[in-house]
Amino acid sequence: MIRGLKRLTIAGSCVAMTLTGCSFQGLNSLPLPGAVGRGPDAVTYHVEVANVATLESNSPVMIDDVIVGSVGKMTVDNWHADVEISVKPDVVVPANAVATVGQTSLLGSMHLAINPPVGEEPQGRLQPGATIPLNASSTYPSTERTLSSLSTVVNGGGLGQIGDIIHNFNAALNGREPEIRELLTRLDNFVGVLDQQRDNIIATIQQLNRVAGTFAGQRDVIDRALKEIPPALDVLIRERPTFTAALQKLGNFSDTARGLVDDAGDDLVTDLKNLEPALKALSDIGPDLSSALIWATAFPYGPGFADTITRGDYINLVAIFDLTYPRLKKTMLLGTRWGDENAKLIPAPGDPYYLNYSYDPLSVGVTPPPAAPVPAPEAPPGAPMPSVNEPLLPVTPRPVMPGAPPAGVVTSSSVFAGPYAAEAPAPPPPAPPAEAPAPTPGGGG
């Protein structure tokens, strides 16, 4: 009897220790038979939740509104809940899944939903034993919180003043229905125009953005301009009387010019008509006018003359001054008593016939001196000196120059100076025979 009493006491003590010392949290904290995802091959995951609300163990775990498991043990870790869940082994939990604590209906039970983020497709598979972090979990407002917020809005949030607002708005519109209707029509048209100009408005905003960016890049320049413009405006203000006087003078000049044009209008039109042929001629030679102006500025040498004579900082110049008496008689002294239009000129360097006049000693050739001096031929006493009608030395032919007349045969007549005899003048015609004088009458013998 005593032994049976001892056994009963020990069993009661064990039950008491189990109910008190082992933190027994009721029957719902124990795994219930028949819960989804509680088999030996179930897959376990952990979810970190900031607020589990009224979520309890054995609450369903749902994916796409389908129960695939149940909630297990829930513990507190660093001011948030660590919820252990178990799901069936054939369920694929996406790797990008997020956890949400929600309520099945308005008065229904709580559940834990595991779904991919809104608008994204499921990716991969969450490994067994993995943890869904705190930043990937959330909690929907409960029914109690929703009703509490609604009561705050209705009682102290200004909802009671809505009636006053509606009453005052009705009093303001009463009797003004046509004006309000016309206002709404105009607003409709205005909104329609804005809708049609939407692309232009967007383009304008983009251009304004670009201009603002340009101004932002030129901030230093704009700042300096804003500092320097006020002194310039002060100068303009001080010169305002001068500008006013100038504008008045300009007005007087305009009146005078208008009167002059009115008085000479017909003559001016006639002059412009007379200028039409000349202007038309200038227009016809327009393409060649620029070339003519280029040649006119460098006449007679041509536009390439400066590039030819100029070398660096120096100019090569060859000048020949002919002050011979024949050239002076034919040029500077022409028209005076000393001038002679037919004076024979000695060709100067640069004259067309200078090359015909000059001698080229290189074309004579070199011959050895004679062994003995050749005696000069003796001329009979009193004999005249023989005449020479051709050059004594070979004459170099004149080269053909661009624009010059072709060279002719070199003769004694084309040489203007030299040891040549003058052409013999033509003999005068014979005089007619003189007639015998008639006998004087009355002669006696």
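What to note about this one:
- Lone qualifier among PRO122, PRO89 - being open to solvent by 30 Å² or more (accessible area, probe 1.4 Å) and touching a strand residue (DSSP E or B) at 6+ places or on another chain (Cβ under 7 Å): PRO89
- Residue list for the range 180-209, filter: of a type in the set (D, E, K, R) and more than 30 Å from ASN170 (Cα to Cα): ASP195, ARG198, ASP199
- Meets criteria (on the phi < 0 side of the Ramachandran plot, of a type in the set (S, T, N, Q) and either in contact with a Cys (Cβ under 6 Å, 6 or more places away or on another chain) or open to solvent by less than 100 Å² (accessible area, probe 1.4 Å) (or both)) for ASN274: no
- Among the residues making up the range 93-105, those that are aliphatic (A, V, I, L, M) and either more than 16 Å from ASP65 (Cβ to Cβ) or open to solvent by less than 40 Å² (accessible area, probe 1.4 Å) (or both) are VAL93, ALA95, ALA97, ALA99, VAL101.
- Flag for GLU144 being open to solvent by less than 100 Å² (accessible area, probe 1.4 Å) and at pLDDT 75 or above: no
- Residues of the range 63-85 classified as in contact with a Lys or Arg (Cβ under 6 Å, 6 or more places away or on another chain) and open to solvent by less than 40 Å² (accessible area, probe 1.4 Å), total: 1
- Long-range neighbours under 7 Å by Cβ, at least six apart or interchain, first residue in contact (Cβ under 8 Å) with a residue 40 or more places away in the chain within the range 91-103, second among the hydrophobic types (A, V, I, L, M, F, W, C) and not in a strand (DSSP E or B): VAL93/LEU126; VAL98/ALA136; ALA99/ALA136; VAL101/VAL52; VAL101/ALA53; VAL101/LEU55
- Selected residue [under 60 Å from the mean Cα position of the chain (by Cα), farther than 16 Å from VAL47 by Cβ, without any contact (Cβ under 8 Å) to a residue 24 or more places away in the chain and not in a strand (DSSP E or B)] from GLY124, GLY108, GLY119: GLY119
A quick yes/no check of all residues on (1) at pLDDT below 90; (2) open to solvent by 100 Å² or more (accessible area, probe 1.4 Å); (3) not hydrophobic (A, V, I, L, M, F, W, C):
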residue: VAL154; (1), (2), (3): yes, no, no
residue: ILE165; (1), (2), (3): yes, yes, no
residue: ALA172; (1), (2), (3): yes, no, no
residue: GLY175; (1), (2), (3): yes, no, yes
residue: PHE190; (1), (2), (3): no, yes, no
residue: LEU208; (1), (2), (3): no, yes, no
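The values are calculated or read from the model by the stated rules, or taken from the named source; none is laboratory data. Since the structure is predicted, the reported quantities are computational estimates derived from the model, not experimental observations. Methodologically, a virtual Cβ is constructed for each residue, glycine included, from the backbone with ideal geometry; neighbour enumeration extends over all protein chains shown. Accessible surface areas use protein heavy atoms only, side chains included; no ligands, DNA or RNA. Shrake-Rupley method; radii C 1.70, N 1.55, O 1.52, S 1.80 Å.
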